[in-house]
Amino acid sequence: MDQTSRRYVDENQYVHHRRDEELGRGGQGVVYRTMDADVAMKFVTDDQGNFLTEAAAIKKHQLIFKQVCLLPLPEGIDIATPAAVLKDHAGYVMRLLSEMKPFSSFLYADLETEETPAWLAESPEDTLEKILGYRQTGGLRRRLTALHKSASILARLHGAGLVYGDISPANIYVSDLFIPGKPEETSVWLIDADNIRLESGPEITSEDIRLWTDPYGAPELVQGKGKCRQASDCYSFAVLAFHLLADVHPFEGAKIFERGGDTDGLRPLDKAYAGYYPWIDDPLDQSNALDSALNRDLVLTEELRLLFEVTFGDGRLSPERRPTIYHWPEALARSADLTIRCPACHMYYYDDLASPGPGRAACPYCRGPKPRILRLKAYPWPGPDLPPGAPVWCWAREIDGHPALTVPERVFEAFSMTGADNEQVRFVISEKNILIEKDRGKKMFVSLDDPNSFEPLGSKLQLDRAAPNLHFWLLADSGSGPPRLVSCSITGEPR
């Protein structure tokens with residue numbers, strides 16, 4: 001059966017009809033939708049993007065697909081594993097949520113129908129296109145939320161002693177529906193599970209299976225000097241995260257435009273991807289700097305900037321110095337929780353809580369006024385009559401347009417890879433009242449003025465809003481860790 005056929009039979013004799021629509025294409029294969037909305041098919045391809053046809057190659061990959069099903073994957077992990085191997089093809093059937101699209105959709109916007117807003121009218125064309133494309137594809141909060149969820153999946157995978165092997169925007173999928181006030185409802189799945197291996201298992205070589213997708217491979221893989229391991233996953237994820245957040249590859253800087261001087265046969269771009277050049281924000285070597293990308297101060301917190309600096313600096317050629325994947329989920333979630341949405345231009349930016357010093361008086365993009373904001377700051381509770389220390393978590397959300405706001409578990413208790421997004425408290429805000437609803441299974445107390453005098457909080461509590469600005473306290477006791485004292489405040493005049 002050739003590549004143009006649309007009818008395929010799996011090992012269980014079920015027939016699947018392939019649609020023409022490609023869901024994604026990477027360095028190792030291509031994924032297609034089928035006539036079943038929740039079923040997709042992945043095919044391994046050669047270097048030219050064609051289906052494999054040699055019987056020995058097909059058999060080798062079919063064996064790999066079956067071995068993946070025997071790996072100790074964590075229960076309930078959101079990875080689309082082979083449900084059935086296709087007969088006569090190097091491919092398999094997998095379950096995939098409908099209405100999902102690959103992370104590569106963050107990188108390509110259709111601006112033909114976009115009108116230039118007044119606040120961008122004087123901007124250079126490349127800046128205008130970057131900002132409009134960034135907004136059209138979900139903006140900062142959607143990217144941070146999707147990256148947080150994908151990093152959590154990878155962390156669970158690494159925790160089981162496994163390596164993913166081919167992290168790229170073609171292999172991670174995000175739900176098409178995005179509700180700005182409810183990022184926890186964004187679903188993320190990893191596909192291409194046939195790359196997953198035990199880190200302590202036999203070494204995987206490029207003769208067995210391609211280990212990366214250009215330009216996301218770790219330098220030790222691209223240079224052929226190392227095996228696929230968890231540290232290479234961490235590097236690839238960092239490249240992907242920076243690419244999505246800053247809208248530029250971290251190594252596509254000034255040096256890729258240089259001509260002459262190379263005697264090794266490698267193009268400057270190949271050398272950049274292989275780690276021979278410094279990254280574009282290297283504080284010690286500005287030879288590959290780039291100024292035309294999005295302002296990193298607008299898309300990165302200090303915590304994220306440090307993770308990128310260590311990964312692409314000391315960790316570029318020294319895998320053992322890279323941050324592990326466990327550093328990324330919490331940092332990304334913490335950053336996502338600091339974003340607010342401008343009601344005028346609809347761009348997301350970091351709230352005052354994201355950085356010390358004077359707050360921002362206006363949106364950094366359109367200079368429009370800040371929206372009304374619900375801010376939560378969580379502190380370890382030291383006990384009655386003792387001052388709290390530094391906050392361990394901060395959370396901010398715009399109220400305008402989202403009268404009902406859900407606050408996740410991570411604000412009220414220690415961060416968890418599996419439970420951080422669980423809804424714990426819901427605020428329903430009107431001009432006259434605030435209704436607080438909490439998870440019935442959680443123990444919580446409330447104080448309207450004194451953080452040392454609390455009353456038990458039932459499943460619901462309504463507070464009167466006598467003034468536009470309001471402040472109160474919640475005390476959360478999960479029972480599994482130290483209680484948290486949470487300062488809750490609303491600022492900004494209604495419009």
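Computed from the coordinates by the stated procedures, all read-outs in this text should not be read as laboratory data. All values reported here derive from a predicted model rather than from experimental measurement. Quick reminder, even Gly has a Cβ in these numbers, built from the backbone with ideal geometry, and neighbours come from all protein chains shown.
Remark on residue 36: its backbone amide H falls under 5 Å from those of 17, a criterion applied only to residues 5 or more positions apart or on other chains, H modelled at 1.01 Å from N.
The modelled label-to-label distance between residue 361 and residue 118, using points 7 Å beyond Cα along the C-beta direction, is 2.0 nm. Here residue 370 is the anchor, and the aspartates and glutamates within straight C-alpha reach of less than 15 Å, apart from those fewer than 8 places off in the same chain, are 351, 352, 398, 400, 493. Could you give the angle, 0 to 90 degrees to the nearest 10, between helix 302-312's Cα long axis and the longest principal axis of the Cα atoms of the chain? Helix 302-312 and the main axis of the chain meet at about 20 degrees.
The order of 61, 16, going from fewest to most other C-beta atoms within 10 Å of their C-beta, is 16, 61.
Do the alpha carbons of any pairs in 60/225; 87/149; 101/225; 101/460 sit beyond 30 Å of each other, and which pairs? Exceeds cut-off: 87/149; 101/225; 101/460.
Rg and Dmax of segment 7-95, based on Cα coordinates, read 12.7, 36 Å.
Between residue 318 and residue 463, the FRET efficiency from the beta-carbon distance, with R0 = 41 Å, is close to 0.15. The order of the peptides 117-126, 445-454 by mean Cβ neighbours within 10 Å, most packed first, is 445-454, 117-126.
Each part reduced to its alpha carbon centroid, segment 425-470 and segment 250-318 end up 48 Å apart. Relative to the dominant Cα principal axis of the chain, helix 230-246 is inclined by about 60°. Among the GluC sites (Glu not before Pro) in segment 394-495, those located in a DSSP loop and surrounded by at most 15 other Cβ atoms within 10 Å of their own Cβ are 431. Sorting 77-87, 292-302, 339-349 by their mean Cβ neighbour count within 10 Å, with the most densely packed peptide first, gives 339-349, 77-87, 292-302. Between the Cα long axis of helix 125-136 and the first principal axis of the chain there is an angle of about 80°, rounded to the nearest 10.
How many angstrom lie between the Cα centre of segment 472-490 and the Cα centre of segment 37-85? Each part's Cα centre sits 46 Å from the other's.
Rounded to the nearest 500, the 222 nm mean residue ellipticity of the chain from helices alone is -6000 deg cm²/dmol, with -39,500 (n - 2.57) taken per DSSP H run of at least 4 residues. Residues whose amide H lies under 5 Å from that of residue 83, counting only those 5 or more places away or on a different chain, are 93, 94, 95; hydrogens are built 1.01 Å from N in the peptide plane. In this structure, the amide hydrogen of residue 393, modeled 1.01 Å from its nitrogen in the peptide plane, lies closer than 5 angstrom to those of 378, counting only residues at least 5 positions away or on a different chain. Whole-Hz Karplus values for segment 271-278 come out as 5, 5, 5, 7, x, 7, 10, x Hz, taken residue by residue from phi with 6.51 cos²θ - 1.76 cosθ + 1.60 and θ = phi - 60°; glycine and proline positions read x.
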